[in-house]
Amino acid sequence: MPAGRKTSDLALMRVGNQRRNRQVATWRDAAICRDGAVGIPGLSRAERVCYTRSCTRTTMSDPVPAERRLLRSWKSIAAHLEVDVRTAQRWHKKTPLPLHRPSLERSHPVVYADELDRWIRESDVRGQTAPERARRGGRRALAAAVIVVAIALAGGAYILRPERAGEPHRAVIDGGVVSVLDARDRECWRRTVEGASGAPIVEDVDGDGRKEVLVDVAASASGATSGRLQCFDANGRERWTFVYGRARSWYGREFSATYGGRFARHIRTPRGHAVLAVAWHNLWFPAQVALIDSASGALAAEYWHPGGLRELAVMNLDGDEFDEVLLAGINNPGRGLGHGVLVALDVPFTSRELAYVVLPRPDACSVLGEIPFVNRLANEGANVVAGVRCGDATWLYTFNRALELVEMRPSDNVTALHRRLHQQGLLDHELGDEEEACLRHVAWFPTAPDGNSASLARLWAKCE
Ligand SMILES: [Zn+2]
């Protein structure tokens, strides 16, 4: 079926009272209904049923034009074409207009204005219109000039015909509808993507010179379907879908394949463009770091981490010409609050880390029962600062590019928080120099250890 037909069938699904985010039928479903039956006033009961069933069968739709004008008579068609009715009908005999005839109103032509515009552009009746159009065009140009001059004299603004939207600039999600806007907030396209969440990425992720749109789709609440990342091209056509996670056994346990995306980022690698995406298991600790080929959506490399990863920095850590990936989060498999971590990965990465740094867990986190995530990662000159936050206090660790600790600086309220917890009887000591020295002790590992192991706990017995 040609592309134009897709659009028209879909447009027909836009029945007046249906809410926009209920427009979830595909053109294939529309084709189940009798030609032209859907979306036209005066539907029979059977046709309505067909519409409803179509809508509940699928969750994805092709792009729906933002606004379409329906022409329902030869008079309005002729007016739109700027010819008289007899000329329009003569053209129709020569090259049929893209009419939709509702079965109940066989005598009346029904056509969408934009399809009519496309038809006039593409059909060979154009040549015949030239003299007529030129004549009318001349009159219109004169009239337009008079109006423009009059308005300009009056000092007012004048309104131009709505222009076609430009290139995608940003995208918003509202009620499962992804709307892609250009730099002047005109809508380029919209699609219903059930489960779409977060802020889509609008960026040229594959280096083809046009911006793609990456949409995160959440895992189903029941855990039946995993989250995914969907890539659309600048025109709203689906390029690829990457489904997060897979079932695997790890740390002596079986984990289902249900993962949800946390964040994704376009990165450059020695092999070209890629999308780096981090997904977490929907219930437990495993996190998947996927390097996705941004042209095909294929998995190029992956790394699994025993705990959630929240932050990402792309930076040059080893001085070669390519950037590495620095991830930050928590290492907490099994039971326990775990430890904050920094994970450096070469790109494209392997299953093995470039560096793995474990941070102590401040005793305030332990008694508050808060997971000591590294939930801040910021460049500070040539250094990188990682922050562990518990309560309302933060412990800031500054590392150089070799991931050696430069300094540890607690936020100003750490002392007050510690005192409060001491007064409440949750801590049995005052904050002292020995504890601060213990908190400066970060540990390097060749690969991710178990963040809840007894050997890690022994490292920081004096401050955790
Ligand atoms: Zn303490």
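How many residues does segment 399-416 contain that are crowded, with 17+ Cβ neighbours inside 10 Å and more than 10 Å from the ligand (Cβ to nearest atom)?
Looking only at segment 399-416, we keep the residues that are crowded, with 17+ Cβ neighbours inside 10 Å, and these are 399, 403, 408, 410, 414.
Remaining after also requiring more than 10 Å from the ligand (Cβ to nearest atom): 399, 403, 408, 410.
Total meeting the criteria: 4.
One residue is enough: does segment 292-311 have a residue meeting the conditions of a type in the set (D, E), over 23 Å from D346 (Cα atoms) and part of a strand (DSSP E or B)?
Residues of segment 292-311 that are of a type in the set (D, E), as a first pass: 293, 302, 311.
Now drop any that are not over 23 Å from D346 (Cα atoms), which leaves none.
No, segment 292-311 contains no residue that is of a type in the set (D, E), over 23 Å from D346 (Cα atoms) and part of a strand (DSSP E or B).
Would you confirm, using the coordinates I've provided, whether A274 is assigned to a strand (DSSP E or B) and touching a Pro at 6+ places or on another chain (Cβ under 9 Å)?
So A274 passes the test.
Report, by residue number, each residue of segment 434-456 that is among the hydrophobic types (A, V, I, L, M, F, W, C) and exposed (fewer than 14 other Cβ atoms within 10 Å of the Cβ).
Across segment 434-456, the qualifying residues are A437, W444, A454.
Within segment 367-376, how many residues turn out to be within 16 Å of the ligand (Cβ to nearest atom), in contact with a strand residue (DSSP E or B) (Cβ under 6 Å, 6 or more places away or on another chain) and hydrophobic (A, V, I, L, M, F, W, C)? The qualifying residues number 1. One residue stands out in segment 377-398 among those that are over 23 Å from F445 (Cβ atoms) and within 13 Å of the ligand (Cβ to nearest atom): the one that is surrounded by the most Cβ atoms within 10 Å (Cβ to Cβ), namely A393.
L431 - would you say it is within 16 Å of the ligand (Cβ to nearest atom) and buried (at least 16 other Cβ atoms within 10 Å of the Cβ)? Before the answer, list the steps.
Working: within 16 Å of the ligand (Cβ to nearest atom): yes; buried (at least 16 other Cβ atoms within 10 Å of the Cβ): yes.
Judged against the criteria, L431 is a match.
Checked against (1) on the phi > 0 side of the Ramachandran plot; (2) within 14 Å of the ligand (Cβ to nearest atom); (3) in contact (Cβ under 8 Å) with a residue 12 or more places away in the chain, C438 passes all but a single condition, namely (1). Only residues that are assigned to a loop (DSSP other than H, G, I, E, B), away from the ligand (no atom under 16 Å from the Cβ) and modelled with pLDDT of 95 or more were counted in segment 333-366, giving 1. For E464, the criteria (1) touching a Ser or Thr at 6+ places or on another chain (Cβ under 6 Å); (2) within 12 Å of the ligand (Cβ to nearest atom); (3) part of a strand (DSSP E or B) hold in every case but one, which is (3). Within segment 346-376, restricting attention to residues that are under 31 Å from the mean Cα position of the chain (by Cα) and of a type in the set (D, E), the residue that is surrounded by the fewest Cβ atoms within 10 Å (Cβ to Cβ) is E370. Among residues of segment 68-81 that are closer than 20 Å to R164 by Cα, those with a beta-carbon under 7 Å from a residue that is surrounded by 15 or more Cβ atoms within 10 Å (Cβ to Cβ) and among the charged types (D, E, K, R) at least six positions away or on a different chain give the pairs R68/D114. The requirement of being among the hydrophobic types (A, V, I, L, M, F, W, C), within 11 Å of the ligand (Cβ to nearest atom) and either without any contact (Cβ under 8 Å) to a residue 24 or more places away in the chain or not in a loop (DSSP other than H, G, I, E, B) (or both) is satisfied by L421.
Within segment 353-367, residues that are within 18 Å of N413 (Cβ to Cβ) reach partners that are part of a helix (DSSP H, G or I) with beta carbons closer than 7 Å, at six or more positions or on different chains, in the pairs P362/L439; A364/L417; A364/H418; A364/L421; V367/L421.
Regarding G425, is this residue more than 22 Å from L317 (Cβ to Cβ), at pLDDT 95 or above and more than 38 Å from the chain's Cα centre (by Cα)? Working first, answer last.
On the way: more than 22 Å from L317 (Cβ to Cβ): yes; at pLDDT 95 or above: yes; more than 38 Å from the chain's Cα centre (by Cα): yes.
Spelling it out, G425 is indeed more than 22 Å from L317 (Cβ to Cβ), at pLDDT 95 or above and more than 38 Å from the chain's Cα centre (by Cα).
Among the conditions (1) in a loop (DSSP other than H, G, I, E, B); (2) over 14 Å from V357 (Cα atoms), G451 misses just one, which is (2).
The values are calculated or read from the model by the stated rules, or taken from the named source; none is laboratory data. Because the structure is a prediction, the values reported are computed rather than measured. For neighbour counting, all protein chains shown are included, and Cβ atoms are generated from backbone atoms with ideal geometry for every residue, glycine included.
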